[in-house]
Structures are given as C-alpha cells and as structure tokens.
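The values are calculated or read from the model by the stated rules, or taken from the named source; none is laboratory data. This structure is a prediction, so every number in the text was calculated from the model and none was measured. For neighbour counting, all protein chains shown are included, and Cβ atoms are generated from backbone atoms with ideal geometry for every residue, glycine included.
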Amino acid sequence: MKKNELKIGTLLSLVTVILSSLIQIIYTPMYMKYLGPGDYGINSLVQSIMGYISILNLGLGNTMLRYTVRYRAEGKIEEEKSLNGMFLTIFSILMLFSLAIGIYIYINIYNFFGSKFTFQELEKTKSIFIIMFLNVVLSFPLSIFSTNITSREKFIYQRGIKLITIILNPLLGVFLMLNGFGLLELTISTLIFTLISYGFDIIYSIYLGMRIKFSKFNMSILKEIFTYSFFIFLNVLIDQIYWGTDRVIIGKYVGIAGIAVYSIGGIFNTLYMGFAAAISGVLFPRINRLIVEGKNKEIDEMFLKIGRLQYIVLGLISSGFILFGKDFITLWVGKDYIEAYKIALWIMIPLTIPLIQSTGVAIIQAKNMHQFRSIIYLVIAFLNLALSILFVKKYGAIGCAVATGISFILGQIIIMNIYYKVVIKLNIIRFWKNILKMTIPIVIAMLFGYVLNLYLSEIKYLNFILKTSLYTFIYGILLWNLGLNSYEKSQIRLFRR
C-alpha cells in the first residue's frame, strides 16, 4: 500500500507541477493585462519579504518530521504525543516573535523603498504586506498538522489537496480580475484558500490518529532537536538569501519595473525546481527508514536512480528553454521582458546540478550530517549577497542573476560534490558517468533544435508549437535509445498504463 502511495503521490506531484506551470503561463499575462507590471512587482516583492519571516520557524518542520518518523518506528506512542505538544508550543512562541518582526518591517517599508517607489506603490505594498503576513503567521502553529500527515506518507491526500487548490485559486483570481477587482482582493482570496487547506489538514491528521499531549519538556530531547534544526534553519536562511533577497535589492536600487522583469525570469526557475521536487519530495520519510536500518547500498542506489529520473525531465526543460526560451517570452509577455531570458538562464543552468542531486540533501539531513553543507552554503550565500549588490548597481536586474549563478557553481556544484564523495561516501564518480552518458543524446537533440530555429526563425505561435513538439519528440526518441536504462523504461511504461 505504501509503495502505491509513493507512486501515486509522485504522479500527482508531477501532474500538479505540470498543471501549475500551465496555469502560471496562462495566468501571468492576464495578471499583467488587468493589474499591470507594478502590481506584479509589488506582489513578488512582498512574497520575498514573507520568505524572511517564514524562516523564523528555524527549520523545525523538517526536524519534527524526522523525530515523528523515528518515534513511530520505535513504537513510542506517548513520546510522539508529547513531541506534538512540544512543537505546537514552540511554534506558538515563534509566531509571537514573528509578529514583532512583522510589525517592525511594516513600520519601515517607507524608509527602505521610499526612494524608488511612488506614494501609491508604498501604500499598496503595506496593504498587501498585512494580508500575506497574516498567512505566514498562522502557518507557524498550524503546520504541525501537515507535517504529521507527511510523516505517515499520505501523499495522495496532500498532493490531491494541493492540486485542487492550484486549480481553484487562479480560477477565482481570473473571476475577480474580469470583474474589476485588484491585487488586494486576489491576495485575500489566496489567504482564504490557505486557511481552508489548513482546516482539512487538522481534520485529517486527527482522523489518522494524531494526538497532542502537553507535558513537561524533555530538555535533553529539546537540546537535540534545536541542535539538529539549527543547521536546517541555516539552509532555509541560505535559500531565502538566494531566492528572496534579489527582489528586495532590485526594489531598493532599480524599482518596481526591475522586480517585474526579474520575477518573470524567476518563474521559470520556480517551475524548474518544482519538477525536481515532484520526484524527490516524497522520499524523506523513506530515506530516514533506510538510514535507521543501515541500508547504505540502497541509499546510494536511490541517489543515482532519482538523479537520473530528475535529469530526464530537467534535461528536456533546460535544453528546450535554451533553444526556444526567447521565443516563448516574446510570445508570452512581450519583447519588453526579453531580459528575463538571460536572467533565467544564468540561474537555471547552474541550478540543474544541485536539483538532480537533491536526494543527497535529504540523505545528509536524515544522517544528521548537514552541518558542513549549511556552513558552506551560508558563506556562499553572503558572497552572493555582496556580489548582487555590486552587480545590480552596474548591470541592473540581471546582475543579481549572474551573482546567483556564480554562487551555485562554487558552493552547490564544486564543494558539495567533493563533500558527497569524501564524507558521505556516495559514489559520485559513478553518478557523473551516468549523467554524462545521458547528456550525449541531449546534446544531439539540441543540435536538431538549433537547425529548427534556423528554418523556423519567425516568432509566431505556430512555429513555436511546431518547434517544441518536434524537439520533444526527437529528445524522447534519442534519450530512450541512447540514454535510459531498463529500470527507467519500465517506470515510463508503468505510467503509460
């Protein structure tokens, strides 16, 4: 049953990512048309600020998942109940702390962005901030219920709820825009959907048997939890510096228009990461079990197996975007946003490597060996921050993308591959031999795509659809015959049934 849960959960994840990608492709031009690039920039900026407030959960979500899985595997039912009570208390305290931080940020919005924003833009930013902030604050205590569901590997429910939300939320957004409502109403509707999802999580987790017991904190366990979660927190902080700070820097030094262009480029990388996470995101509980059971060979096999599966999908997306991304952006949102192509590429290409190795992150977290990664990423993240400020003043929004790409190459590719091999003892040489072998048919397919661009050079919808369809077909044929192994072919046949 759990095997079916994992497979169906992974399939639902892929459907969700594909559907959300299509929805975002349709939704963004409508957003630009009815609300304008100014509102789009404000929405992206406030989301980035919310990312900083969200990290105040200190990485305790993953920590709770780890200890819940461990206690349940060991049959410690009462300890699990007490653990739930302890995390609910901790998250409630963190919620109060985040309230104080949020109030401080709200008061200082004028001071930070006043030089590049108009009065109307500042006022709207403050209004959107309040609604999104409420969403984030409530997520602190309520997230324990969704974490408990994840620990039970109920992926069909979780991916199903997410899929429904992804469909209904933009549909309501389109309805509101067509009837003259603005960014404020759209943000409120998103908050309502989030609250409904949390309500379902609470009901379902209780149905599954989740119980909360408030008792005296076990100080030794509490110390162990915070020691473990500290480095998870560093990872979250680093991710936020990578993905959230750029928009804040651009807002301060360039303005709303720069944020809008950068955010268009960022959409592609968000979707790109979503495809990778759809494959690996359901694996953390299973990796924990394999580590507890000491099955190191199976862990190494999983690292390679999932990396190859991710590369099948990401190779198609990245190579296709290199070839046809400029055409797509022109047709999608217009020539005014063509700089988003270079922004996306500077991040997407270096990002491919850590994405196909994302199972390695779950492995080192489950082994409680993520401290080195956290420290290295923190150093690289601050390098990225310094370079972003330096480059944005000289090159504009694209300077932040260049800084992020350089940081990825140094930290997430060179240093981490050495760490995986030397310390974690993963077979990195074998991994790269497999990836390089798979790259040969991808390069051949890209040569075919280059020829397509020469003969179908006019930018119009018919040419774009024809080129991408032919390229996908050739990519699939070449990869099937020259790149895939028997396991991967069997999985593809399974999903086709």
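Residue check: is residue 458 of a type in the set (D, E, K, R) and more than 14 Å from residue 311 (Cβ to Cβ)?
Here the answer is yes, as residue 458 does meet what is asked.
Mind checking whether some residue in region 109-122 is surrounded by fewer than 19 Cβ atoms within 10 Å (Cβ to Cβ), under 22 Å from residue 227 (Cα atoms) and more than 20 Å from the chain's Cα centre (by Cα)?
For region 109-122, residues surrounded by fewer than 19 Cβ atoms within 10 Å (Cβ to Cβ), under 22 Å from residue 227 (Cα atoms) and more than 20 Å from the chain's Cα centre (by Cα): absent.
Pick from 380, 363: which is under 20 Å from residue 237 (Cα atoms), modelled with pLDDT under 90 and touching a Ser or Thr at 6+ places or on another chain (Cβ under 6 Å)?
Checking each option against the conditions leaves just 380.
Suppose we filter region 382-414 for residues that are touching a residue at least 24 places away in the same chain (Cβ under 8 Å) and more than 22 Å from the chain's Cα centre (by Cα); how many remain?
Residues meeting the conditions: 4.
Got a number for residues in region 399-423 being hydrophobic (A, V, I, L, M, F, W, C) and surrounded by 20 or more Cβ atoms within 10 Å (Cβ to Cβ)?
Summing the residues that are hydrophobic (A, V, I, L, M, F, W, C) and surrounded by 20 or more Cβ atoms within 10 Å (Cβ to Cβ) in region 399-423 gives 5.
So residue 447 ticks every box in (1) free of Cβ contacts under 8 Å to residues at least 60 places away in the same chain; (2) within 24 Å of the chain's Cα centre (by Cα); (3) over 24 Å from residue 309 (Cβ atoms) but one. Which box is left unticked?
Single failed check for residue 447: (2).
Would a scan of region 482-489 turn up a residue that is farther than 26 Å from residue 301 by Cα and not polar (S, T, N, Q)?
There is no residue in region 482-489 that is farther than 26 Å from residue 301 by Cα and not polar (S, T, N, Q).
Just one of (1) among the aliphatic types (A, V, I, L, M); (2) more than 17 Å from residue 125 (Cβ to Cβ); (3) at pLDDT 85 or above trips up residue 103, so point out which.
That leaves (2) as the condition not met.
List every residue pair whose Cβ atoms sit under 9 Å apart, with the two residues 6 or more apart in sequence or on different chains, where the first one lies in region 471-489 and is without any contact (Cβ under 8 Å) to a residue 24 or more places away in the chain and more than 21 Å from residue 307 (Cβ to Cβ) and the second, anywhere, is of a type outside the set (Val, Ile, Thr) and assigned to a helix (DSSP H, G or I).
Short answer, once both residue conditions are applied: 477/441; 477/445.
How many residues are within 28 Å of residue 430 (Cβ to Cβ) and not small (Gly, Ala, Ser) if we restrict to region 372-405?
So the answer is 6.
Quick check on region 449-481: of everything there that is of a type in the set (Phe, Trp, Tyr) and surrounded by fewer than 16 Cβ atoms within 10 Å (Cβ to Cβ), which residue is nearest to residue 312 (Cα to Cα)?
480
Residues being closer than 21 Å to residue 187 by Cα and either in contact (Cβ under 8 Å) with a residue 40 or more places away in the chain or of a type in the set (Asp, Glu) (or both): count how many of those fall in region 114-126.
5
Residues that are crowded, with 18+ Cβ neighbours inside 10 Å, in contact (Cβ under 8 Å) with a residue 60 or more places away in the chain and hydroxyl-bearing (Ser, Thr, Tyr): does region 214-224 have at least one? Spell out how you get there, then give the answer.
First, pick out the residues of region 214-224 that are crowded, with 18+ Cβ neighbours inside 10 Å: none.
No; the residues of region 214-224 include none that is crowded, with 18+ Cβ neighbours inside 10 Å, in contact (Cβ under 8 Å) with a residue 60 or more places away in the chain and hydroxyl-bearing (Ser, Thr, Tyr).
For residue 93, are the conditions met, namely being within 26 Å of residue 240 (Cβ to Cβ), more than 18 Å from the chain's Cα centre (by Cα) and not aromatic (Phe, Trp, Tyr)?
For residue 93, the condition - within 26 Å of residue 240 (Cβ to Cβ), more than 18 Å from the chain's Cα centre (by Cα) and not aromatic (Phe, Trp, Tyr) - is met.
Where in region 293-381 are there helices (runs of 4 or more DSSP H), lying fully within it, with 3 or more residues that are over 22 Å from the mean Cα position of the chain (by Cα) and either surrounded by fewer than 17 Cβ atoms within 10 Å (Cβ to Cβ) or in contact (Cβ under 8 Å) with a residue 60 or more places away in the chain (or both)?
Result: 296-332.
Restricting to region 54-78, name every residue that is under 21 Å from residue 154 (Cβ atoms) and not hydrophobic (A, V, I, L, M, F, W, C).
Once the filter is applied, which keeps residues that are under 21 Å from residue 154 (Cβ atoms) and not hydrophobic (A, V, I, L, M, F, W, C), region 54-78 yields 61, 62, 63, 66, 67, 68, 70, 71, 72, 74, 75, 76.
Scanning region 244-290 for residues that are more than 30 Å from residue 72 (Cβ to Cβ) and not in a helix (DSSP H, G or I), which turns out modelled with the highest pLDDT?
254
Identify the single condition in (1) at pLDDT 85 or above; (2) over 30 Å from residue 227 (Cα atoms) that residue 50 does not satisfy, given that it satisfies every other one.
That leaves (2) as the condition not met.
From the list 165, 187, which one is among the β-branched types (Val, Ile, Thr), over 21 Å from residue 17 (Cβ atoms) and surrounded by 16 or more Cβ atoms within 10 Å (Cβ to Cβ)?
Details: 165 fails: over 21 Å from residue 17 (Cβ atoms).
It is 187.
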